[in-house]
Amino acid sequence: MSNFRDSVGLQLINNWMAEKGQTPFPFQTQTWQRYSNGYSGMVIAPTGFGKTFSVFLGVVIDYLNHPEKYPKGLKLLWISPLRSLAKDLAKAMTQAVDEIGLDWSVQVRNGDTPINIRRKQERLMPDVLLTTPETMHLLFSMKKNLRFFKGVKCVAIDEWHELLGNKRGVLTELAISQLRQYSPKLQIWGITATIGNLEEAKAVLLPYSNLKVTQIKTKDKKNIDIISVLPNEIEVLPWAGHLGGKMVDKILPIIESNTTTLIFTNTRGQAELWYQLLLNANPELAGLLAIHHGSISKELRNWIEDSISSGYLKAVVCTSSLDLGVDFKPVDCVIQIGSAKGIARFMQRAGRSGHSPYERSKIYFIPTHLLELVEVAALKEAVKQNQIETRDPMVLTFDVLVQFMVTCAVGIGFDSEKFFQQIQETHAFSYITEDEWQWCLHFITKGGKTLHSYEEFHKVILDEDGLYKVKSRRISMLHRMNIGAIVSEVNLMVKFLSGGYIGMIEEFFISKLKPGDSFILAGRVLELVKLKDMTVLVRKSKAKKAVSPSWMGGRLPLTSHLSHFLRLKLSDALEPGRLEKELRFLNPLISRQAEYSHIPKADEFLIELIETKDGYHVFMYPFEGRLVHEVFSALIAYRISKLKPLTFTIAMNDYGFELLSDQSIPISEANITELLSKENLMNDVVASINASEMASRKFRDIAVIAGLVVQSQPGTRKSNKSLQSSSGLIFRVLEDYEQDNLLLRQAYTEVFNQQLEEVRLQAAFERISKSKIIIKHAKSFTPLSFPLKVDSLRGTMSNENLDKRIQRIKAQTFKID
Amino acid sequence: MNIAEEFIKIRNEELVLTNQRAIYWKRENALILSDLHIGKTGHFKKHGIPMPDAILQKDLERLEALTLHFKAKYLFVVGDLFHAEANEDMTTFKNWLLKFEFLKIILIKGNHDRLSKTMMVDFNIQVEIELEIDPFLLVHEHLEIHKENFTISGHTHPGVLLKGKGRQRLKLPCYQVASNQIILPAFSLFTGLNTRAQLKDTVTYAFTETSIFKF
């Protein structure tokens, strides 16, 4: 390899770095060399270690050494999950090529790119294009997109761990497979943070047998200081809910003593609340404190990001919107408010402070209710053991596949046989059958199974040249608007009457308000004036009190990994170790739970029965995370309802679940072993999933991605009203008339694969079967059950006769809404 | 198909509310219904959104069963008989019409009804903006200007949300009967429910596959 060591390109780069007083990290040099030798691969490095410059400079060096190999136009495609990342990356790359003396142009293309720049790019692509998976698919939907990508030598997937595990990951897999058609020798590089299943992550990104594949990992490890902030007295924190506003006094000194602090909350609603709380507590922060989340206007977000970089802002309240991204140099402190819900996310957020390689990261954890104190103890343990969650790739997502097929049909068209082979090469569709492929083809050409062929369905047609194509302009347009795999609630733009865009808000939230009501957005108190087209018109409000909006998306479930540690820590909490200050602090509350009910030890399983004016409650605490509890609770409800026809309202959070019924629930020491038995487990699970609404909920996203539900676009005047329907309605229709519909089946499979994780459920029941089951009758809500009563997601399940239910509701004091 | 019936008397007229989303008016020997949205599945398909044909088939089968059950001579459709443009579903509808030679259809034009006059002639459908048959005024949407009359209308696709003990929630389609109007549920099953538009002092008749419930 002495060739490469002596090469002009490497020398140029080394000199350039030396001028700046830097030396490359070993993993960077290694990446450059492997790239130059024709490898594809995956780079694993924490943020702040210069992973961008590993792959990027690899391409630059190779170009400097062999400029003749690179034709004019696009050379490197850089795909990252976040739009906001692209802007700063482009800046850094442009600066690098300028200083190195290369005449490359580096450009961004995504939804925010102005139309004149897009047209310019379509005439001549820049040398480096930074984009998103969705924009890639939009490019594929253009008529002559082959010429854009013919000369591409390398595609880099940045923050691959963020894409893996969701449907955007599948979009990315498909985009790569398409690029390989255009440029067969394409080198593919992934860049990822550490996750629990790196080997799998690599296999998903690089499934192609003709690639030379490598993996490069930094040995350096980020050191994190986790500091939990405890209130002065235990009564300050509520048992549940998500405010803990009294902790504000503890946060102010932390902001004061650091240069710049990022304050992470879990939802946009919480961010708005904390922004107000902090400002009220210390009005001097006005102008130095900002709020940043996904529903705030782009201009404001850009301003905030610039102001963090320049050190102008003292603190920013934010959501996952700032989880990723280029490093803000002045940030030396991170505060996490409430549960971070996962180990990887917590570490990622911590890493936003003290970004340079050998600095320590500092994160303060502010609990908002008492059980979160157990969580921080669990987090510390997990970080100590270096146990990080896996991101499990999705497979056989037919919704994404039919979308992609139509995308290509809108673009240059596809040959059925070749395309099928191409799809089969990807990880996501390596197990697709011929029948399933034919169904998808039928779905986009004939409209699925119909009683008689429908002459007017012309979505995709077989053209004379043997390619499948979309000919209708209107269908093309509808499809382009629908490309992507992020399904959001219907969002409305919020604007001042006098003009001026503030941000976005979900329709369901605004529909509950009346003109004259006040709400908070982007840290401002606004008065609703009226709704017009798809826009909410507001004026500044003088109201002292205003509701802060809730956004439906944004409630993350606790990962299974963290819940495992949580279970261990809870049982430790009765006798906390000397150094576990959180658990020691919590001891009085734990003792209260022990006194009124029970604290489940590691080998115990607790069930609480409570009767209130609401009805009969059963609480169980598997500590398996919300997603598993959704399946678990439906299963138990199903088994109980086999003993007696009942209607249940089911609530779950990350710790456990509640079954509530208006009639007594037949559960006792005598039958509990039977109810929790691992016998017949999977059969009963299937039956309970069929009886519950879980699949219908999953179908929401599927219907949108597959183009069955037309989403109205925010800000547009026309909302395709005549094509409006709901995924719930279509789900019902397909259940009635087309049970073998692949998309319908996918909804059930997703419940299975994503939530249930058969192995884990089996393990949980195995564990429970060996545990001592403890049933407690409590007189009122206990510290463990209270959070479920007030703050949880709900579903229902019933096997009662509908008419009987209505008659009973009629007899009760019912309310009509 | 199970037809559950609820008899009500309004302004001395006997009306039969059914759980199959239509009212039978005895004196006129007429079925009154609203929001069939014929052509909706076809409209979706034309725009590349696949929908099962059975949706329209089932709606028409229900209408057929009701017509035969009451031996009705008239259909008063208070709007949105059709969803959008003329498409293949019109052929299905026309074939269905052939079975009912003596059935007279009067359509009160709804916001969705945009088909040409020639087509209406072809279907033998009489079209009106509103229709007064004492003591009722048939309109598509009840408006402020109608407040002197007793209207029978549709348009809103009314539904009701029942709340019971143990945080139970049930959403059902319904008729809304007030002192000066009746609002019909949407006839087509391929429609959503609107539970927000509650009127004051209304008796709600919600229904299931088998029964009708008065609230």
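The values are calculated or read from the model by the stated rules, or taken from the named source; none is laboratory data. What you see is a predicted model; the values in this text were computed from it and never measured. FYI the Cβ positions are ideal-geometry reconstructions off the backbone, even for glycines, and counts take in every protein chain you see.
Which of the numbered conditions does A:Leu322 fail, given that it passes all the others? Conditions: (1) farther than 25 Å from A:Leu252 by Cβ; (2) modelled with pLDDT under 85.
Among (1) farther than 25 Å from A:Leu252 by Cβ; (2) modelled with pLDDT under 85, A:Leu322 violates only (1).
For the subset of the range A:746-759 comprising residues that are buried (at least 16 other Cβ atoms within 10 Å of the Cβ) and of a type outside the set (S, T, N, Q), which member is nearest to the other protein chains (Cβ to nearest Cβ)?
The qualifying residue nearest to the other protein chains (Cβ to nearest Cβ) is A:Ala747.
Would you please name the residue that is modelled with the lowest pLDDT, looking only at residues in the range A:473-500 that are more than 17 Å from A:Val710 (Cα to Cα) and buried (at least 16 other Cβ atoms within 10 Å of the Cβ)?
By that ranking, first place goes to A:Met493.
Could you check the range A:594-625 and list, in sequence order, the residues that are under 19 Å from A:Ala378 (Cα atoms) and more than 32 Å from the chain's Cα centre (by Cα)?
The answer is A:Ile599, A:Lys601, A:Asp603, A:Glu604.
How many residues does the range A:476-496 hold that are touching a residue at least 60 places away in the same chain (Cβ under 8 Å) and either in contact with a Gly (Cβ under 8 Å, 6 or more places away or on another chain) or within 11 Å of A:Ala409 (Cβ to Cβ) (or both)?
Counting residues in the range A:476-496 that are touching a residue at least 60 places away in the same chain (Cβ under 8 Å) and either in contact with a Gly (Cβ under 8 Å, 6 or more places away or on another chain) or within 11 Å of A:Ala409 (Cβ to Cβ) (or both) gives 7.
Select from the range B:1-45 the residues that are of a type in the set (Lys, Arg), in contact (Cβ under 8 Å) with a residue 12 or more places away in the chain and surrounded by fewer than 24 Cβ atoms within 10 Å (Cβ to Cβ) and list them in ascending order.
Result: B:Arg11, B:Lys26, B:Arg27.
List every residue pair whose Cβ atoms lie under 8 Å apart, where the two residues are 6 or more positions apart in sequence or sit on different chains, the first residue falls within the range A:724-741 and is within 7 Å of chain B (Cβ to nearest Cβ), and the second residue, located anywhere, is of a type in the set (D, E, K, R).
A:Glu738/A:Lys449
When the residues of the range B:95-114 are narrowed to those that are out of contact with any helix residue (DSSP H, G or I) (no Cβ under 8 Å at 6 or more places or on another chain) and either surrounded by 16 or more Cβ atoms within 10 Å (Cβ to Cβ) or within 14 Å of chain A (Cβ to nearest Cβ) (or both), which ends up farthest from B:Leu143 (Cα to Cα)?
B:Asn95
Tell me which residues, restricted to the range A:690-740, are at pLDDT below 85 and outside any loop (DSSP other than H, G, I, E, B).
Across the range A:690-740, the qualifying residues are A:Asn690, A:Ala691, A:Met694, A:Arg697, A:Lys721, A:Ser722, A:Leu723.
Residue-wise test of (1) buried (at least 19 other Cβ atoms within 10 Å of the Cβ); (2) under 13 Å from A:Trp189 (Cβ atoms).
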residue	(1), (2)
A:Val8	no, no
A:Phe53	yes, yes
A:His66	no, no
A:Leu89	yes, no
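So, of the residues in the range A:600-614 that are at pLDDT 90 or above and surrounded by 21 or more Cβ atoms within 10 Å (Cβ to Cβ), which turns out to be farthest from the other protein chains (Cβ to nearest Cβ)?
Ranking the candidates gives A:Phe605 first.
Which residues, counting only those in the range A:172-206, are more than 24 Å from the chain's Cα centre (by Cα) and either assigned to a loop (DSSP other than H, G, I, E, B) or in the same structural domain as A:Gly413 (by TED's automatic domain parsing) (or both)?
A:Ser183, A:Pro184, A:Lys185, A:Leu186
Identify, please: which residue in the range B:192-204 is among the β-branched types (Val, Ile, Thr) and more than 8 Å from chain A (Cβ to nearest Cβ) and is, among those, surrounded by the fewest Cβ atoms within 10 Å (Cβ to Cβ)?
B:Val203
In the range B:1-31, what count of residues is obtained for those that are closer than 19 Å to B:Gly159 by Cβ and under 12 Å from the mean Cα position of the chain (by Cα)?
7
Out of the range A:579-593, which residues are free of Cβ contacts under 8 Å to residues at least 24 places away in the same chain and over 35 Å from the mean Cα position of the chain (by Cα)?
Result: A:Ser591, single match.
If we only count helices (runs of 4 or more DSSP H) wholly inside the range A:115-154, which ones have 3 or more residues that are surrounded by fewer than 19 Cβ atoms within 10 Å (Cβ to Cβ)?
A:115-123
So A:Ser641 ticks every box in (1) within 14 Å of chain B (Cβ to nearest Cβ); (2) not in a helix (DSSP H, G or I) but one. Which box is left unticked?
The failed condition is (2).
Looking at A:Gln438, A:Gln422 in this structure, which one is without any contact (Cβ under 8 Å) to a residue 12 or more places away in the chain, outside the structural domain of A:Ile730 (by TED's automatic domain parsing) and either in a helix (DSSP H, G or I) or under 27 Å from the mean Cα position of the chain (by Cα) (or both)?
Just one listed residue meets the conditions, A:Gln438.
Scan the range A:441-467 for residues that are among the hydrophobic types (A, V, I, L, M, F, W, C) and at pLDDT below 95 and jot them down.
The answer is A:Leu441, A:Phe443, A:Ile444, A:Leu451, A:Phe457, A:Val460, A:Ile461, A:Leu462.
Check A:Ile774 against each of (1) modelled with pLDDT of 90 or more; (2) within 14 Å of chain B (Cβ to nearest Cβ) and name the one condition it does not meet.
(2)
Does A:Ala377 satisfy being under 30 Å from A:Arg584 (Cα atoms), of a type in the set (A, V, I, L, M) and assigned to a loop (DSSP other than H, G, I, E, B)?
no
Residue-wise test of (1) in contact (Cβ under 8 Å) with a residue 60 or more places away in the chain; (2) assigned to a strand (DSSP E or B).
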position: A:Gly577; (1), (2): no, no
position: A:Ile607; (1), (2): yes, yes
position: A:Glu611; (1), (2): no, yes
position: A:Pro622; (1), (2): yes, no
position: A:Val628; (1), (2): yes, no
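Out of the range B:174-189, which residues are in contact (Cβ under 8 Å) with a residue 60 or more places away in the chain, crowded, with 23+ Cβ neighbours inside 10 Å and not small (Gly, Ala, Ser)?
Of everything in the range B:174-189, those that are in contact (Cβ under 8 Å) with a residue 60 or more places away in the chain, crowded, with 23+ Cβ neighbours inside 10 Å and not small (Gly, Ala, Ser) turn out to be B:Tyr175, B:Ile182, B:Leu184, B:Pro185, B:Phe187.
When you check B:Leu36 against the structure, is it modelled with pLDDT of 95 or more and assigned to a strand (DSSP E or B), yes or no?
No, not satisfied.
Every residue in the range B:54-83 that is more than 17 Å from the chain's Cα centre (by Cα) and either within 11 Å of another protein chain (Cβ to nearest Cβ) or buried (at least 19 other Cβ atoms within 10 Å of the Cβ) (or both), please.
If the condition is that a residue be more than 17 Å from the chain's Cα centre (by Cα) and either within 11 Å of another protein chain (Cβ to nearest Cβ) or buried (at least 19 other Cβ atoms within 10 Å of the Cβ) (or both), then B:Ala54 is the only one that fits.
Here is a yes/no grid of residues against (1) outside any helix (DSSP H, G or I); (2) within 14 Å of chain A (Cβ to nearest Cβ); (3) modelled with pLDDT of 95 or more:
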residue	(1), (2), (3)
B:Ile8	yes, no, yes
B:Val16	yes, no, yes
B:Arg21	yes, no, yes
B:Tyr24	yes, no, yes
B:Leu31	yes, no, yes
B:Gly42	no, yes, no
B:Lys45	no, yes, no
B:Met51	yes, yes, no
